[in-house]
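Okay, so here's the structure we're looking at.
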Amino acid sequence: MCSTYHLVSNASRNFLKKVFFIAGEASGDIYGGLIAHEMSKLTSLSSIGRIEMRGWGGDQMTDAGVEVTTHYRELAYMGVWEVVSNLGTILGNLKKCWEEIEAFKPDAIVLVDFPGFNMRIARKAANAEWGDVKIFQVVAPQVWAWKKGRIKNLARNYTAVFPVLPFEHNLLNAGGVQSIYCGHPLLDALSTNQDETPHAPVKPVLALLPGSRKQELNKILPVLLEVAKRFPDMEAVIAGAPGAADSLYNRAREAGVNIVFGQTRDLLKSAEFAVITSGTATLEAALLNTPHVLVYKTSALTYAIAKLLVNVKFIGLTNLILNREVVPELIQGRCTSGNISKEIHCLETSKQSQAFAELRTSLGHRGASERIARKMLEIISVHHTS
């Protein structure tokens, strides 16, 4: 577990630390924002020097003081076909991002999740011409599921990796990676009150989270709208994804289903049940003790290739951490309105609630963001004073 580290030394009081962040999706923006906020606070309180933060991310990082030059909504492509069909754009983004980093010449690069993009940046940064740049990864690539060869790249190119799932730490260390487990920043996100105008339900709420990427919305939203029709005694509410184009939800508006933005946490808290697209939101729901089922649907080609390459019993984070199916998983062909409705009707909410309490215990205490930021600053400070 992360320890307490001393940041202050006389020799390091006045240096300027330059940090470049990259987050490619909404959850990464949240974690990046939390860590950036803690970095600012720690440098201010300890007087170890000034910090300048720049990067690619979203609104949370901007609010934390990062000068965001490209929003993550321009970056998120998921799935084999989606990546291949947008390869030119992705390569262009890599080139643009690296040019910004070279011009900025940071002391450290904080890469949050988004491994396909970030590991390429790390490889370039490991050979940076301007000096010994520190390279940090927050949220480890899922090497336990696929692409185990990435462990060698993590060991070679990164100064330190901060996994957020407890079982990843020993696996990474065994592969020669400098792994530092400090807990999960999501616990810190849940302790902050970021939502503003809470949704006021008039009936029991069925929360529907169709994902944050365009391709997820296109595949999963129509199924969830069918689910809404099957529960006329409940108020179906869709959580609009941060950064997603408003027009992607036109189909929901035509169906008369309410959509709320910036209120996902309050929506999950107030929901009787939730249907959630696989991702960090399922872990968030579990930590909020919201009964839910997990769904996922992608292109046939992407799914076929994933079945060949990925070796996991579950895709849900709660199920992976607890190593059993606590949250029903309805994937691809099983992701139908009929199957989802059946799972909601027979969901054993008391058993889920007991498992969610076990999950909270396994993820440890709040304060991961501060512990991660403190350790990063210590590593950068040692570099400057050596």
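The values are calculated or read from the model by the stated rules, or taken from the named source; none is laboratory data. Source: prediction; values computed, not measured. Cβ sites come from the backbone with ideal geometry, for glycine too, and all protein chains shown count toward neighbours. The accessibility values were calculated without ligands, DNA or RNA, using every heavy atom of the protein model including side chains. Shrake-Rupley method; radii C 1.70, N 1.55, O 1.52, S 1.80 Å.
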- Given the options A239, A26, A357, which has the most mean-square fluctuation in a GNM of the chain, springs set between C-alpha atoms less than 10 angstrom apart? A357
- Task: Roll a 1.4 Å probe over the protein heavy atoms and report the accessible area of W144 in Å², nearest 10.
- Result: 40
- Message: Taking the Cα centroid of segment 265-286 and of segment 94-137, what is the distance between the two, rounded to the nearest whole Å?
- Response: 33
- Message: For the pair H71/E348, report the inter-label distance in nm, with labels modelled 7 Å from Cα in the Cβ direction.
- Response: 4.5
- Query: Counting only heavy atoms of protein chains, what accessible area per residue, in Å², does the chain have with a probe of 1.4 Å?
  - Reply: 44
- Just the ratio, please: alpha-carbon radius of gyration of segment 148-269 over 2.2 N^0.38 Å, N its number of residues. 1.44
- Message: Here is the link list: K148/K297; K105/K214; K18/K41; K105/K147. Which ones come out longer than 27 Å on Cα distance?
- Response: K105/K214; K105/K147
- As straight-line cross-link partners of K269, the qualifying lysines (C-alpha separation under 17 Å, not fewer than 8 residues apart within one chain) are K203
- Task: Please give the contour-minus-distance gain from F261 to N173: 0.36 nm per residue of separation, less the Cα-Cα distance, rounded to one decimal in nm.
- Result: 27.7 nm
- Message: If I model a spin label at A145 and K124 as a point 7 Å from the Cα along the Cα→Cβ vector, what separation in nanometres do I get?
- Response: 2.6
- Efficiency of FRET from Cβ geometry, R50 and L301, R₀ 45 Å, rounded to 0.05: 0.35
- How large, in percent, is the carbon and sulfur part of the accessible surface of the chain at a probe radius of 1.4 Å? 50
- Note on the structure: Averaged over all viewing directions, the convex hull of the alpha carbons in segment 239-378 casts a projected area in nm² of 11.1
- Task: Distance from a point 7 Å along Cα→Cβ of K229 to each backbone N in segment 314-352: keep the residues under 15 Å and list them by number.
- Result: 336-341
- Roughly how large, in nm² to one decimal, is the mean projection of the convex hull of the alpha-carbon atoms in the chain? 18.4
- Tilt of helix 300-309 relative to the longest C-alpha principal axis of the chain, in degrees (0 to 90, nearest 10)? 60
- Tilt of helix 26-46 relative to the longest C-alpha principal axis of the chain, in degrees (0 to 90, nearest 10)? 40
